[in-house]
Structures are given as C-alpha cells and as structure tokens.
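Accompanying notes for the structure given below.
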Amino acid sequence: MSKKPIIVFEGIEGSGKSHHISKVAKYLDKKKINYLKLREPGGSYNSEKIRKLMLNNKNNFNENTDLLLILASRSENIKLIKKYYKKKIILIDRFTDSSIAYQHYGLGVNLKIINLINNFLLKNIKVNFTFLNIVNKKNLFLRLKKRKSLNRYDQFNINFYTKVQKGYLKLIKNKNKSYQIVDSNLDIKKNESLIIDKINKLIK
C-alpha cells in the first residue's frame, strides 16, 4: 500500500464520519503531515457550488439528476485528486461507495450506470482504505435533531437510511481487508483511538 494512501470515510447521516475525518485531519496537522481533505458532494471550488445546488431544500431533483450532480462534483474533484495522488495523504468524506449505497441501494438507480461513470472518472485511481461508520436508528435521529439546519439528504425516511446502510454493508462483504467498520453507537473516544491507530499503520 502507498504510504500516501487515499482514505475514505463512509456512512449515512449521523454516523460520525465527518467528526472522525476532522479528528484525523487535526492529528495530521499536529504531526505536520501534508494531506488533502475533500468531501462529496463538494470539496473543490466548483464541487461546492454543485453541493449547494443538490442539497438545497428548495430543490426536488429526481434520482437520476442527483446521481449526475454527484458525479459532476466528483469530476471536478478528480483533477485535484490526480494532482496529489501518491504524493499526499488524501482524506475523503464520502466517495464512490456512497454513490452506490445511496443512488443504487437507496434510490434504485441502475448499478451498471454508476460503475461505468465512476470507472471513467477514476481510471487508475484506487481507494486504499475505507472506514465505514454505522449507526442505529435511535442515534441517527437523535443526532439529526441536534443539527442547526437540515439539508435534503438529512430528511429522508428511516427506510431509506436502512437501505443505504445495508447497501454499504453489502459492498464491504468481499473486501474486508480494505475496510474497517466503526460502530458509532459505541464510545466516541474509543472509536477516535481505533481510527488514529489504523491511520498510523496506513501511513507508516
């Protein structure tokens, strides 16, 4: 594995992935280790414009439009990722697995279409390791209630989030070596330590 890996944090809303990626970024800052941190949708300048459009509560895009917006956001990020691929550690808050979990398992978009465009965009770029954060229904809703504002994707029904999380778990079934499940229903400090320990193994 490259010592400058691509490390992705996946999970549904309220699963703690954004919290943990921020903790990892702060850890790398403290160690004075260079990295690139992105989120999807969003990340680069143009991608953030797409994010605002996609997640705006006033909009009501269909599932195919949502997929294309996410892939457009990823397309804008790819140039940055290619620039630093194997040169810097790259941290990404959601990436290709989220397109499959949300758009295929959650919304029913054809999987072949998603894989075709992802493969076209990424070409030889490969994710080295993924932390999959999972959460139960109770904690999901408790955490969403604490948010100051909710975007479009924070307001689906529980059946949608259940399908998405099950989709994530299906994705990692045959790829256990490159994934680690983080049970965010457990103590957050223990999970922070678990993730930092794994990060150290990945970059040293």
For a label point 7 angstrom out from the Cα of K173 toward its Cβ, which stretches of the range 120-151 have the backbone nitrogen within less than 20 Å?
130-135
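At a Förster radius of 25 Å, what calculated FRET efficiency corresponds to the Cβ-Cβ distance of Q180 and E63, to the nearest 0.05?
Values: r = 29 Å, r/R0 = 1.18.
The formula returns an efficiency of 0.25 here.
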Simple spin-label model, 7 Å along Cα-to-Cβ: S193 to Y45 in nm?
4.4 nm
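Given Cβ point charges of +1 (Lys, Arg) and -1 (Asp, Glu) and nothing else, what value in debye, to the nearest 20, does the dipole of the chain about its Cα centre take?
Numbers: 44 positive and 15 negative charges, 161 e Å.
Once rounded to the nearest 20, the dipole reads 780 debye.
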Once each part is reduced to its C-alpha centroid, what is the distance from the range 67-124 to the range 9-61 in angstrom?
13 Å
Placing +1 on the Cβ of each Lys and Arg and -1 on the Cβ of each Asp and Glu in the chain, which of N57, S98, L202 has its Cα farthest towards the positive end of the resulting dipole?
L202
As straight-line cross-link partners of K31, the qualifying aspartates and glutamates (C-alpha separation under 15 Å, not fewer than 8 residues apart within one chain) are D197
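Output the pairs from K52/K204; K32/K163; K30/K138; K37/K175 with a Cα-Cα distance over 32 Å in this structure; if there are none, say none.
K52/K204; K32/K163; K30/K138
Can you list the trypsin sites (Lys or Arg not before Pro) in the range 36-67 that are in a DSSP coil and have 15 or fewer other beta carbons within 10 angstrom? List each step's numbers first, then the result.
On the way: sites: K37, R39, K49, R51, K52, K58; in loops: K58.
In loop regions of the range 36-67 (DSSP not H, G, I, E or B), the sparsely surrounded trypsin sites (Lys or Arg not before Pro) are K58.
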In straight Cα distance, which lysines are under 22 Å from K58, not counting same-chain residues fewer than 8 positions off?
K49, K145, K146, K148
Counting only Cα, what are the radius of gyration and maximum Cα-Cα distance Dmax of the range 6-203, in Å?
16.0, 44
Relative contact order of the range 27-137 (C-alpha contacts under 8 Å, at least 6 apart) in percent is 29 percent
The answer for T130, listing residues at least 5 apart or on another chain whose modeled amide H is closer than 5 Å to its amide H, is V8, Y179, Q180
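All of the numbers you see were taken from the coordinates with simple rules; none came from a lab. Since the model is a prediction, treat every value here as computed from it, not as a measurement. Heads up, the Cβs are rebuilt from the backbone with ideal geometry, glycines too, and the neighbour counts pull from every protein chain shown.
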